[in-house]
Structure formats: structure tokens, C-alpha cells
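The values are calculated or read from the model by the stated rules, or taken from the named source; none is laboratory data. Quick caveat, the model's predicted, so the values are computed rather than measured. Ideal geometry is used to build each Cβ from the backbone, glycine not excepted, and the neighbour counts take in all protein chains shown.
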There are 2 protein chains.
Amino acid sequence: MAHPQLRDSGTQQFLKDGAAVLENVTWHELKVNATGHFDIMAEKKLLRSHERVVFQFPLYWYAAPAVLKQWVDEVLAVSDKRWLQEKELGLVVSVGQPLKEYRLGGREAIPLSELLSPFKALAQRLKMQLMPLFIVEQFSYQSEKQRQKLLIDYQQLLELPRDFSFKQRQDWFEDKLKKMIAVSNIKNKKELELVLNTFTARREQLNDLKDDLSFTKKENEFD
Amino acid sequence: MAHPQLRDSGTQQFLKDGAAVLENVTWHELKVNATGHFDIMAEKKLLRSHERVVFQFPLYWYAAPAVLKQWVDEVLAVSDKRWLQEKELGLVVSVGQPLKEYRLGGREAIPLSELLSPFKALAQRLKMQLMPLFIVEQFSYQSEKQRQKLLIDYQQLLELPRDFSFKQRQDWFEDKLKKMIAVSNIKNKKELELVLNTFTARREQLNDLKDDLSFTKKENEFD
């Protein structure tokens, strides 16, 4: 996590709370020490002990904030380019402008994927698996419902295997709900149980529908 | 100029010497003060007093070194986005790998223009005129002759108006040679005068040739 004014960032505090409830996830804020540099040994140790590395930052002048670039320059500068091989690299980038401005004819005209291409090159060089870009768009304008969706998507990005299936996402959500029910008070428990029942019922309907579809598809193959 | 180890950089010392002989050019090394930040007032004053701003740096992990990003984050962060309007922005980027690796199918596969697109977005946002990217390719492998050519191209980038014509480049070169002759010792003077005479003679031949060409072209227009 790299942010020049982390305390003032509603987006990052929100995501931090979302990450805090997950197991096996380390929220690590990039900070230089008194000499203005990173503790390279500590950073490397942390990197080695995790399977997935997520760079999380607000877009600042069309790139990552300087502190993340400094981290890259100092920590990744080793002769062995394979030490991070096979690990996954995620990017969680928050933007203050509407995403539609970052496309042909938009005010910024340059897609985020192009602006962030140095990370593509970096993943390529280190033979890391680059995950799909995760964008947090104009958080301060989001409704409560949009934020709940964002939180779930974000938690899934941190926890689920790469290229997770729809079924994995459903399992994950059901599991989360059950855990929340287990620790809730009576009133919340009732509400959450209702959500869970609705979710499970819909999920079964959806599966029935899918079976029907695949059956219809198979029949059509003989047309 | 942004470089984490400037003293060790042969490329930058070479370019620095090339810039030093020019008038109206300020070589400014980006350095943070004791608190780890830039003197924002001083940096802004310097910016305002120049017509052309050239970001000069080695490509570090596919982007500018962190200190330049910090400079951008701290110094350009003003509410008035038009204060640099109409100024020119140049990029002098040195790369350690052959340029041909930065293209489709090359080892890096991503073009420098794409990796450096945050500067395109920055120029666009500030309404600055972005100059053509100036690349210093594998300086340490360059021959003496290649370096002389690099030096002249670099000096022209710093001194000549934007979109300079071939004629402007020739005038500039003749002017430079004459100045060198004026301050040379007898032996060098003779050699340089020979270069100047050859250059002037060839230039006249070239102009004759151009006249012939344009005459032929005009005649053909009536075909």
C-alpha cells in the first residue's frame, strides 16, 4: 500500500478494514526509514513469505506515487531476476476521475492499462503472473451498495485463487455469510440468515437454469 | 536531471559537459533536502524562468527514477493547471538495453513511448508541448563517432526551436564550428577550418541538388 497521505484517504481506510477481517493477508504500508530508504532485508523477507503481491495506490500524476517507485527501485534491484518467479502480482488502483475519461476521446485519452504498462513490463521481467487490473473508481461518489460490492470484489481479489470461477465466488460468499452469522447478535443473525437463504435459493434456481441451458444446447447440437 | 547515482553515470557526465558549453541552459539535478522533500518554491521559480523543461533520466524498472516522480508529485501539485501552459517538455531517456528489445516480439515487448505514456498524459494535462522523445541507447557501447553525433543532437535538442528544420540544424552547426575555431589553438584551428570548408562546400552541393530536384518536380507537375 503506497499513499502519500494515508490517514486522509477514505478509500484506503475502507479497503484496509476489508482486508483486516481476512486471514493470511498482510496489509503493508510502504514507508521509508529515517535515512529516507527502505529496510531492504525486511521488505524482501515479507515478499518471499507471500504468494500474491498486490500493489495498491491512488493514481498520482498518471502513475504510482513516488514511494512505490522508490520501493521498486530499491527492493527489486537484485541480480537474481527469478526470485519472485511464479508469484502473482495484483494492482489495486484508485482514480479520482471517472474511468470513462481514460479512453480514446476522453479527457485523459490514455487508457489506464497503458499508463500502468511499466508494471506489465516489471511482471514480465520477473516472470510474475499479472492479475487483472482492479480499479477503484471515484470512491467518494459511490453509494453504500456500490461500496459493499467493491468490498466483496476486493476481498475476493485478495483471497480467491487467480482466474476464480463463478462457482468459487459463490462458495466464497456463502462461506463468508455463514461466518458472519456465527458471530452476529440475534437481530443481525435473523437478517443475515434471510440473505443466506435467499442467496442459496437463487443459486439453486440459477444452477437449474444452467442445467436447462446446457441441456437445450446439447439438443441443439443435433439440429 | 534525475539519477540515483549521478557520479557513476558516464552517460550523464558526458551530456552534462555537452550542456555546460551552451548559454541559456540550466543543468539542474533533482535532489531532496534534509527533510526528504523538495524546496517547492525554488523548483517553481526555476520552472517559471525557463521556456523548455527537459526531464533527463535513465530508465529504471521501466519508468523514471523515484526522485523524478517525487518531484512531479510535490512540485506540480498546484491547483492552477495552466501555470506551465505553452512551455515545452522534453524527455531525454537513457536505456541500457538495445532499443530493438522495446518493440513487439522484443525481449521487453513494450515500446518506450508506451512505458513513458504518463509523461504524455502529464504534458496533455498541463497543456505543455511535448517534444519528440530523445533516447540515449547503450551509451557505454557507443563509438567515439556515435558519441560525437549524440552530443550534437543533444545540444540541438536543448538549443534549437521545436520542430527545427534541416536548414536550422546546418546553420547551428556552422555557427558552432566557427565559435570553436575562434577559441582553438593553431593546430586544431587548421583541422576545424578544414571541417568547416568541407561542410560548407557539401552544403552548397546539397542546396544545388535540392534546387535541381524542386525544378524537376515542378516540371513533372505539368506532365
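What the table below lists for this structure:
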quantity	calculated
Residues (at the interface with chain A (Cβ under 8 Å from one of its Cβ atoms) and not aliphatic (A, V, I, L, M)) located in the range B:100-109	B:Glu108
Unique residue being of a type in the set (S, T, N, Q), within 14 Å of B:Met1 (Cα to Cα) and within 14 Å of chain A (Cβ to nearest Cβ) when the list is B:Gln97, B:Gln70, B:Gln56	B:Gln70
Where B:Pro132 falls short, out of the listed (1) in a helix (DSSP H, G or I); (2) exposed (fewer than 12 other Cβ atoms within 10 Å of the Cβ); (3) in the same structural domain as B:Val92 (by TED's automatic domain parsing)	(1)
All helices (runs of 4 or more DSSP H) inside the range A:1-84 with 3 or more residues being small (Gly, Ala, Ser)	A:10-20
Total residues in the range A:110-138, condition within 13 Å of chain B (Cβ to nearest Cβ) and in contact with a Gly (Cβ under 9 Å, 6 or more places away or on another chain)	1
Set B:Leu30, B:Leu47: member being touching a helix residue (DSSP H, G or I) at 6+ places or on another chain (Cβ under 7 Å), more than 24 Å from A:Lys120 (Cα to Cα) and touching a residue at least 12 places away in the same chain (Cβ under 8 Å)	B:Leu30
Test for B:Phe139: is it under 26 Å from B:Leu76 (Cα atoms), in contact (Cβ under 8 Å) with a residue 40 or more places away in the chain and surrounded by 16 or more Cβ atoms within 10 Å (Cβ to Cβ)	no
Residue match in the range B:99-111 (condition: in a helix (DSSP H, G or I), in the same structural domain as B:Ala63 (by TED's automatic domain parsing), aromatic (Phe, Trp, Tyr) and farther than 29 Å from B:His37 by Cα)	no
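One line per residue, one yes/no per condition, for (1) touching a helix residue (DSSP H, G or I) at 6+ places or on another chain (Cβ under 6 Å); (2) of a type outside the set (Gly, Ala, Ser); (3) modelled with pLDDT of 95 or more:
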position	(1), (2), (3)
B:Ser140	no, no, no
B:Lys149	no, yes, no
B:Asp163	no, yes, no
B:Ile181	yes, yes, no
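Residue-by-condition table, conditions (1) in contact with a Pro (Cβ under 9 Å, 6 or more places away or on another chain); (2) away from chain B (no Cβ under 14 Å); (3) over 23 Å from A:Arg162 (Cα atoms):
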position	(1), (2), (3)
A:Lys16	no, yes, no
A:Ala20	no, yes, no
A:Leu30	yes, no, yes
A:Thr35	no, no, yes
A:Arg48	no, yes, no
A:Tyr62	yes, no, yes
A:Asp80	no, yes, yes
